[in-house]
Amino acid sequence: MSKHCLMVGAGLSGAVIGRMLAEAGHRITVVDARAHVGGNCHTERDAKSGVMVHVYGPHIFHTDDAEVWDYVNRFAAFRPYRNRVKTTSQGAVYSLPVNLHTINQFFGQTLRPDEARVFLEGKADTSIADPQTFEEQALRFVGPELYEAFFKGYTIKQWGCQPSELPASILKRLPVRFNYDDNYFFHKFQGMPEEGYTAMIAKILDHANIEVKLDTPVSRDVAQDYDHVFYSGPIDGWFGYSLGRLGYRTLDFERFDYQGDYQGCAVMNYGDVEVPYTRITEHKHFAPWESHEGSVLYKEVSRACGPDDIPYYPIRQVAEKSMLADYVALAGQETNVTFVGRLGTYRYLDMDVTIREALDAGRAFLKAAQEGSAMPAFTVAPL
């Protein structure tokens, strides 16, 4: 039996779930408070330069999930793209992640991989047996010089606190490569949609059973008008922030234009704490197959997220996790509402993981509908 489902949010979660359910014969309404689809992945052509601009900061698609890669290629032509990040630190430019070139350049050496391992181990603080904080993790694996140059200042600016206050898990793996590979990501599939993410998501939403309503904020009381709601907005917002607001970092973008090539790369980080911005992104370099004389750049500044700001990075420290647990308990009492995506589950998610979870949520709904069983509040546990 066909159901009428509401997708709150026209980003990846709402689009992918909506498309799957629409193809199965269900009627889908997608609403978004913004004037465009795509959420924070939104891209648009700059009228003056012709550059494809990542309006809410750069998004680079990378995954090892073959099904997800096939899925996005169904709706967009993807061009090969490798993210090669540079950083300006202490008056010099280096490659990130820290690799053999970075080590040799920084220390004025010509070390081979095995020599570099021994050299860096001599710099590391081996007295830290079980790193508990970001700072301890960095000092244990790269030592004080590389930590100060590449990690400390950037982290203070990004998170608004000292690295000694952050968990070691933020540095999930050894942040050093003992070769000259400067490809930022390890994943098998990497690329950019030729016409941008907004065009791709618009194609996902282009189905006879899908109606899209933009500039349309919704509140919790709309749930009763639909057979099921998939909510990809902030979980605390669904409950009117009744238990308080979950903490996020937001970004301020200072745009500037340039005639020519400003920095010669897409992303230039700034590791020195005295520089107020974390990085400058030059957007024409995210589409190296295109040629533009003009250039569009953003300086990014991270700060605490206020009530009227766009939430980017969930903080997920002890206090936030405690509040989240209370909201998760409230969500469990809802009927016919499933919380999905980065904001709905208060987790930082890459695009490929967002799509994977959306595909899984869509399949879970179709299975529940067929069996006549209830859909859970979460298909992935937020905690």
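Remarks
- Failed condition for TYR241, given (1) part of a helix (DSSP H, G or I); (2) closer than 28 Å to ALA329 by Cβ; (3) not polar (S, T, N, Q): (1)
- Residues located in segment 46-89, provided they are under 20 Å from ARG279 (Cβ atoms) and among the aromatic types (Phe, Trp, Tyr): TYR56, PHE61, TYR81
- Inter-residue pairs, beta-carbon under 7 Å, first assigned by TED's automatic domain parsing to the domain that holds THR198 and assigned to a helix (DSSP H, G or I) and in segment 59-70, second surrounded by fewer than 20 Cβ atoms within 10 Å (Cβ to Cβ) and of a type outside the set (Lys, Arg), 6+ apart: TRP69/PHE189
Per-residue answers, yes or no, for (1) touching a residue at least 60 places away in the same chain (Cβ under 8 Å); (2) surrounded by fewer than 15 Cβ atoms within 10 Å (Cβ to Cβ); (3) among the small types (Gly, Ala, Ser):
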site	(1), (2), (3)
SER169	no, yes, yes
PRO175	yes, no, no
PHE178	yes, no, no
PHE185	yes, no, no
LYS188	yes, yes, no
MET192	yes, no, no
GLY196	yes, no, yes
ALA199	yes, no, yes
ILE204	yes, no, no
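- Residue selection: ASP70 fails the criterion of being surrounded by fewer than 22 Cβ atoms within 10 Å (Cβ to Cβ) and at pLDDT below 95.
- Matching option when the condition is on the phi > 0 side of the Ramachandran plot and buried (at least 16 other Cβ atoms within 10 Å of the Cβ), among GLY18, GLY39: GLY39
- Flag if THR102 is in contact with a strand residue (DSSP E or B) (Cβ under 6 Å, 6 or more places away or on another chain), surrounded by 13 or more Cβ atoms within 10 Å (Cβ to Cβ) and of a type in the set (Val, Ile, Thr): yes
- The criterion of at least 1 residues that are more than 30 Å from TYR81 (Cα to Cα) is met by the following strands (runs of 3 or more DSSP E) wholly inside segment 270-383: 294-304, 337-339.
- Just one of the listed residues (ALA325, ALA381, ALA364) is more than 23 Å from HIS187 (Cβ to Cβ), loosely packed, with under 15 Cβ neighbours inside 10 Å, without any contact (Cβ under 8 Å) to a residue 60 or more places away in the chain and assigned by TED's automatic domain parsing to the domain that holds PHE61, and it is ALA325.
- Filtered by the rule that a residue be in a loop (DSSP other than H, G, I, E, B), of a type in the set (A, V, I, L, M) and either within 21 Å of ALA24 (Cα to Cα) or modelled with pLDDT of 95 or more (or both), segment 190-236 gives LEU205, ALA208, LEU214.
- Residue in segment 338-358 that is of a type in the set (Val, Ile, Thr), surrounded by fewer than 16 Cβ atoms within 10 Å (Cβ to Cβ), assigned by TED's automatic domain parsing to the domain that holds GLY14 and more than 20 Å from ASN40 (Cα to Cα) present: no
- Any helices (runs of 4 or more DSSP H) falling wholly within segment 74-175 and containing at least 1 residues that are β-branched (Val, Ile, Thr) and either more than 25 Å from the chain's Cα centre (by Cα) or assigned by TED's automatic domain parsing to the domain that holds MET20 (or both): 100-107, 113-123, 134-146
- Top-ranked residue in segment 126-140 [being more than 11 Å from THR155 (Cβ to Cβ) and acidic (Asp, Glu); ranked as surrounded by the fewest Cβ atoms within 10 Å (Cβ to Cβ)]: ASP130
The values are calculated or read from the model by the stated rules, or taken from the named source; none is laboratory data. Quick caveat: nothing in here was measured; it's all calculated off a predicted structure. Neighbour counts run over all protein chains shown; Cβ positions are idealised from the backbone, glycine included.
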